[in-house]
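Participant: Got a structure for you, written out below as structure tokens; questions coming shortly.
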């Protein structure tokens with residue numbers, strides 16, 4: 001089983017555990033590497049992300065923990081950069097590029113706040129057409145690595161968070177599939193791994209990881225790469241169901257599931 005996780009949140013943003021509590025939990029799991037990826041500052045919405053002051057404290061504390069636990073685990077310092085995040089001014093070990101919003105004029109429509117919020121936005125801005133919403137979402141996703149300079153492609157189809165059982169829209173719809181595959185094709189040109197993200201499962205929203213199986217198969221068909229990600233918001237969920245998704249990925253033909261740090 002792969003024992004490394006690079007999509008990990010803490011109390012600096014919307015996580016439940018401190019950095020050190022999470023490191024200690026990782027050591028107890030005998031993890032080899034852990035990467036923290038606090039939500040980078042977004043000036044229009046500070047409800048979930050780190051403030052600029054806290055971002056400086058976050059970097060400093062991670063550096064202290066790297067030294068304190070260097071004989072027990074390798075700790076990396078990252079950020080999860082939203083498409084609309086402000087660019088960090090301190091060098092990180094890596095960045096995750098993600099899309100959490102669609103922008104309509106001066107309004108930012110948050111994709112993963114709640115099902116009610118999503119449905120309201122679809123009705124207000126997309127005439128109730130979930131496939132137009134999906135097309136707008138995947139247009140940003142396809143550009144997210146170029147926009148954020150990310151090293152990992154975060155939760156590719158986050159738009160399905162509230163769509164368990166296709167209750168809001170059908171992910172086999174030709175418009176949806178075409179939009180998603182177009183985004184994958186653009187992202188593949190950057191050579192960055194897509195994360196197989198189990199966060200929505202651990203938090204009770206989904207029974208399947210992002211991206212869904214049809215798109216994992218397409219990524220493999222196009223010679224893309226993947227890594228495993230817990231999108232961990234509580235230390236107890238580090239490496240959540242990695243054994244299952246490591247098996248699934250290898251059965252599809254993915255071989256190297258370890259994150260290659262290039263910086």
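The values are calculated or read from the model by the stated rules, or taken from the named source; none is laboratory data. Bear in mind that the values here come from a model prediction, so they are computed numbers and not experimental data. All Cβ positions, even for glycine, are placed from backbone atoms using ideal geometry, and neighbour counts span all protein chains on display.
Participant: Filter the range 108-122 down to residues that are within 18 Å of residue 41 (Cα to Cα) and in contact (Cβ under 8 Å) with a residue 24 or more places away in the chain and give me whichever is surrounded by the fewest Cβ atoms within 10 Å (Cβ to Cβ).
Facilitator: Taking the range 108-122 first, the residues within 18 Å of residue 41 (Cα to Cα) are 108-113.
From what is left, the residues that are in contact (Cβ under 8 Å) with a residue 24 or more places away in the chain are 108, 110-112.
Details: 108: 17, 110: 15, 111: 21, 112: 19.
Among those residues, the one meeting the criterion is 110.
Participant: Right, something else. Looking only at residues in the range 206-219 that are over 14 Å from residue 230 (Cβ atoms) and in contact (Cβ under 8 Å) with a residue 40 or more places away in the chain, which one is nearest to the chain's Cα centre (by Cα)? Full working, then the answer.
Facilitator: Within the range 206-219, the first condition is being over 14 Å from residue 230 (Cβ atoms), and the residues that meet it are 207-208, 211-219.
Okay, now just the ones that are also in contact (Cβ under 8 Å) with a residue 40 or more places away in the chain, so 207, 211-212, 214-215.
Working: 207: 17, 211: 10, 212: 14, 214: 18, 215: 16 Å.
Only one residue tops the list, namely 211.
Participant: So, one more: Given the residues 172, 182, which is the only one that is loosely packed, with under 15 Cβ neighbours inside 10 Å, farther than 21 Å from residue 240 by Cα and in contact (Cβ under 8 Å) with a residue 40 or more places away in the chain?
Facilitator: On the way: 182 fails: loosely packed, with under 15 Cβ neighbours inside 10 Å.
Exactly one of 172, 182 is loosely packed, with under 15 Cβ neighbours inside 10 Å, farther than 21 Å from residue 240 by Cα and in contact (Cβ under 8 Å) with a residue 40 or more places away in the chain, namely 172.
Participant: Let me ask another. Quick one: what pairs do we get from the range 242-253, first residue over 9 Å from residue 1 (Cα atoms), second at pLDDT 95 or above and surrounded by fewer than 17 Cβ atoms within 10 Å (Cβ to Cβ), C-beta under 9 Å, 6+ apart or different chains?
Facilitator: 248/213; 249/220; 252/213; 252/217; 252/220; 253/220
Participant: Could you look through the range 135-153, keep only residues that are crowded, with 18+ Cβ neighbours inside 10 Å and out of contact with any strand residue (DSSP E or B) (no Cβ under 9 Å at 6 or more places or on another chain), and pick out the one that is farthest from residue 194 (Cα to Cα)?
Facilitator: Filtering the range 135-153 for residues that are crowded, with 18+ Cβ neighbours inside 10 Å and out of contact with any strand residue (DSSP E or B) (no Cβ under 9 Å at 6 or more places or on another chain), the one farthest from residue 194 (Cα to Cα) comes out as 135.
Participant: Among the listed residues 29, 76, which satisfies the condition of being within 17 Å of residue 149 (Cβ to Cβ) and surrounded by 13 or more Cβ atoms within 10 Å (Cβ to Cβ)?
Facilitator: Exactly one residue qualifies, and that residue is 76.
Participant: Separate question: When you look at residue 165, is it closer than 17 Å to residue 237 by Cβ and at pLDDT 95 or above, yes or no? Outline the logic, then answer.
Facilitator: Values: closer than 17 Å to residue 237 by Cβ: no; at pLDDT 95 or above: yes.
The answer is no for residue 165.
Participant: Which residue is farthest from residue 99 (Cα to Cα), if the candidates are limited to the range 55-67 and must be in contact (Cβ under 8 Å) with a residue 24 or more places away in the chain and more than 21 Å from the chain's Cα centre (by Cα)?
Facilitator: Kept after step one, since they are in contact (Cβ under 8 Å) with a residue 24 or more places away in the chain, are these residues of the range 55-67: 55-59, 61-62, 65.
Next, only the ones that are more than 21 Å from the chain's Cα centre (by Cα) stay: 56-57, 61, 65.
On the way: 56: 23, 57: 25, 61: 27, 65: 29 Å.
If we take residues in the range 55-67 being in contact (Cβ under 8 Å) with a residue 24 or more places away in the chain and more than 21 Å from the chain's Cα centre (by Cα), then 65 is farthest from residue 99 (Cα to Cα).
Participant: Here's something else I'd like to know. Got a sec? Which of 10, 43 is farther than 20 Å from residue 93 by Cβ and either surrounded by 16 or more Cβ atoms within 10 Å (Cβ to Cβ) or in contact (Cβ under 8 Å) with a residue 40 or more places away in the chain (or both)? Step through it out loud before you land on a result.
Facilitator: Working: 10 fails: farther than 20 Å from residue 93 by Cβ.
Matching residue, one of 10, 43: 43.
Participant: I would also like to ask the following. Could you count how many residues in the range 225-253 are in contact with a helix residue (DSSP H, G or I) (Cβ under 6 Å, 6 or more places away or on another chain), surrounded by fewer than 21 Cβ atoms within 10 Å (Cβ to Cβ) and assigned to a loop (DSSP other than H, G, I, E, B)?
Facilitator: Residues in the range 225-253 being in contact with a helix residue (DSSP H, G or I) (Cβ under 6 Å, 6 or more places away or on another chain), surrounded by fewer than 21 Cβ atoms within 10 Å (Cβ to Cβ) and assigned to a loop (DSSP other than H, G, I, E, B): 1 in total.
Participant: So, one more: So for the range 174-197 (the condition being modelled with pLDDT of 95 or more, in a loop (DSSP other than H, G, I, E, B) and under 25 Å from residue 115 (Cβ atoms)), does at least one residue qualify? Spell out the reasoning first.
Facilitator: Going residue by residue through the range 174-197, those that are modelled with pLDDT of 95 or more are 174-197.
Okay, now just the ones that are also in a loop (DSSP other than H, G, I, E, B), so 189-193.
This time we only want the ones that are under 25 Å from residue 115 (Cβ atoms), so: none.
No, the conditions are met nowhere in the range 174-197.
Participant: Just one of 105, 127, 165, 191 is under 22 Å from residue 47 (Cα atoms) and surrounded by fewer than 16 Cβ atoms within 10 Å (Cβ to Cβ); which is it?
Facilitator: On the way: 127 fails: under 22 Å from residue 47 (Cα atoms); 165 fails: under 22 Å from residue 47 (Cα atoms); 191 fails: under 22 Å from residue 47 (Cα atoms).
Among 105, 127, 165, 191, only 105 is under 22 Å from residue 47 (Cα atoms) and surrounded by fewer than 16 Cβ atoms within 10 Å (Cβ to Cβ).
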